[in-house]
Amino acid sequence: MLAPRWDAASYLANSTGGGNPAKKGAATFSYLTTLVLSAKQGAEERAEDAHIRTAFINPQDTKPYMSAKKVPGQTVQDPLHRTVSATRRDNNRKPAVKQCRRYWGANYTNGGKEYDEYPFATTYEGAAEHDYDPEVRKFNFSVKPIPKDDNRAGGNLLQGF
């Protein structure tokens, strides 16, 4: 468990402050939860796990290239944050697809592949983060075509998370 934090998320009590902005929000306790993916032989999400592992351990080996790449989500101090905005998710997907086409060509999906991106499109730290916060490094994400079944298995685990 992490230290309590102040939050005004719409799903918390007193998210509006009863019309008084000074009283908006509530203290909430933060729990660290982890998404577990498997690299074991036969794991449905194995290719996605391998992609994220490379982004963490050898970011220089990922695309798009960026010399100082350090993708977020590796530590408690640098977590990912889920977005519920469909627009933000779509905007995160666009540069990921663009980079897949750039590095692997328009036919990167041949052989039953899909693009996989990390950080996930469902996070504020996704591929379009720089468009929302210009102080964030551009290209601080990783994309890679992986087998469609692995990508969807990883997506199902993330969705259930």
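The values are calculated or read from the model by the stated rules, or taken from the named source; none is laboratory data. For clarity, every value in this text was computed on a predicted model and none was experimentally measured. Virtual Cβ from ideal backbone geometry, glycine too; neighbours counted across all protein chains shown.
Miscellaneous remarks
- Taken together, 140, 156, 151 contain a single residue that is in the same structural domain as residue 57 (by TED's automatic domain parsing), of a type outside the set (A, V, I, L, M) and exposed (fewer than 13 other Cβ atoms within 10 Å of the Cβ), which is 156.
- Cβ-Cβ distances below 8 Å connect the following pairs, each with a first residue in segment 107-121 that is assigned by TED's automatic domain parsing to the domain that holds residue 143, a second residue that is among the charged types (D, E, K, R) and assigned to a strand (DSSP E or B), and a separation of six or more residues or different chains: 115/144; 116/144.
- Check on residue 64, touching a residue at least 60 places away in the same chain (Cβ under 8 Å), buried (at least 16 other Cβ atoms within 10 Å of the Cβ) and farther than 19 Å from residue 49 by Cβ: yes
- Any hit, segment 15-38, residues being surrounded by 10 or more Cβ atoms within 10 Å (Cβ to Cβ), closer than 29 Å to residue 116 by Cβ and either at pLDDT 90 or above or under 16 Å from the mean Cα position of the chain (by Cα) (or both): yes
- Helices (runs of 4 or more DSSP H) enclosed by segment 51-161 - at least 2 residues per element that are closer than 18 Å to residue 37 by Cα and among the basic types (Lys, Arg): 148-160
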